[in-house]
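The values are calculated or read from the model by the stated rules, or taken from the named source; none is laboratory data. The model shown is predicted, which means the values in this text are computed figures rather than measured ones. We work out accessible area using only protein heavy atoms, side chains counted, and drop any ligands, DNA or RNA first. Shrake-Rupley method; radii C 1.70, N 1.55, O 1.52, S 1.80 Å.
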Amino acid sequence: MEIKGLGWYLRTGDHPARSMARRPGEILSLNEARCFGCAACVAICPVDALDLSNLLVVIDEPTCTHCELCIPICPVYALFFEPAPQKKITSVV
């Protein structure tokens with residue numbers, strides 16, 4: 001098996017994250033008080049699930065593969081996983 005470096009994955013877009021399973025019941029979240037818009041996470045995301053708007057990261061959760069490359073690259077630890085909000089079920093009587 002050939003081992004490839006991060007630079008190769010970033011150049012080609014052929015990253016193993018494209019086939020990774022999502023983390024069931026969790027979503028990627030941003031601590032807006034910590035984020036200062038450096039865009040390191042945006043640059044490393046292999047599936048373009050992160051974008052920068054008004055110096056804050058915007059997460060496209062359906063696109064995110066939960067590869068976790070963005071979490072350790074953030075210099076202020078602004079990205080993290082948390083439980084997904086529960087959908088309220090209402091019954092009509």
Notebook entry, point to check: Rounded if a/c is under 1.5, else prolate if a/b is larger than b/c, else oblate: which is region 43-85, with a ≥ b ≥ c the root eigenvalues of its Cα gyration tensor?
Noted result: rounded
Notebook entry, point to check: Which order do Leu56, Leu50 take by accessible area at a 1.4 Å probe, largest first?
Noted result: Leu56, Leu50
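Residue separation times 0.36 nm, minus the C-alpha to C-alpha distance between Ala39 and Thr63: what's the value?
Full extension from Ala39 to Thr63 adds 6.9 nm.
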Next item on the list: Rank these by accessible area, largest first, 1.4 Å probe: Asp60, Asp51.
Entry: Asp51, Asp60
Check: Which whole-Hz couplings ³J(HN,Hα) result when phi for each residue of region 63-71 is put into the Karplus expression 6.51 cos²θ - 1.76 cosθ + 1.60, θ = phi - 60°, listed in order with x for Gly and Pro?
Finding: 7, 4, 9, 6, 6, 6, 5, 6, 5
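Students sometimes get this wrong: rank Leu52, Leu28 by accessible area, probe 1.4 Å, all chains present, largest first.
Greatest to least solvent exposure: Leu52, Leu28.
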